[in-house]
Structures are given as structure tokens and as C-alpha cells.
Amino acid sequence: MSMPKTSVRIAMLGSGFVAGFYMQGLANVGSQEVVANYSKKKHRARKFAQEWSIPEPTAELNKLIERDDIDLYVIAVPNEEHLPVSLALNERFLAFNRVYFHSPRVLVFLTICISRHCQRPHTPVTTTLSTSVPVDGQSR
């Protein structure tokens, strides 16, 4: 019988305003640690990591996605990068053995999933929430 996991290890994909918004929300969530962050520009990743005390900044998305010690990926890159980042995550985790989210609406849901993952670490939770506007620009 495996012991419940005590902390969810998070990779923050993005190092700008939205990533900072997520970090503010995560500050109030127990049982998690942001262990890495990504930015296309290494200096931006380093600056963000220093600001938020994240131990591993990187500009190498594929190497970060290949890591086996990350439980959750938070997509906080600019909108035009959402699709390639999501596709890279889907390609790597086709079996849904990791969790990733995008959308500022997800902070409460994120808290619930972290709690559930710590209680049942081998039970995958996968979801994508989006605030995207339809291609035609019309609300539905």
C-alpha cells in the first residue's frame, strides 16, 4: 500500500502576468510546491523564479515536459502559445498520467485537484478549462 502523497509538484509554464496571478492564488493553497517555471527567454524565467523562489527556471519546454517528477503543469503562457504547449503536453502524456490546466478561473478547481491528488496519487485528474473566444468572436 502506497503512502498518500504530501505535496503536488507543479511546473509553471509561463513567467509573465498570468503566471504571477496563478502564483498569488497558489500561495493560499497547501500541499503544493512550484518546482520549475518556463519562459521562452531564459532571463525572464530566471527573474520570475527569483521573484517567486522557484528553484528551477528553464527556457527548455520539452525537457521540462519530459520530467517524471512533475505532477501538474499550469499553462500560463501568452494566448498564441497555448496550442503548441497543449499539444506538446498531450503528446507526452497521452495516457493522462499528469495534470494540466489553463484559465484564470481554475484556482479553486486547482485547490480541489491538489487535495484529491495528495489523497489518491495514482488516480489521474485531467482537465482543460478555457476562456477562449470562439473563432467567429460571438459569445455562446
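Using Cα positions and a limit of under 18 Å, work out the aspartates and glutamates in reach of LYS63, with same-chain residues fewer than 8 apart set aside. List returned: ASP71, GLU81, GLU91.
Neighbours of THR58 by Cβ distance under 14 Å: Lys/Arg scored +1, Asp/Glu scored -1, total +4. The slack between ASP69 and GLU91, meaning 0.36 nm per residue of separation minus the straight C-alpha distance, is 6.2 nm.
Every number in this text was worked out from the coordinates using simple rules, so none of it is lab data. Given the structure is predicted, the values throughout are model-derived calculations rather than measurements. No Cβ is skipped: glycine too gets one built from the backbone with ideal geometry, and neighbour counts run over all protein chains shown.
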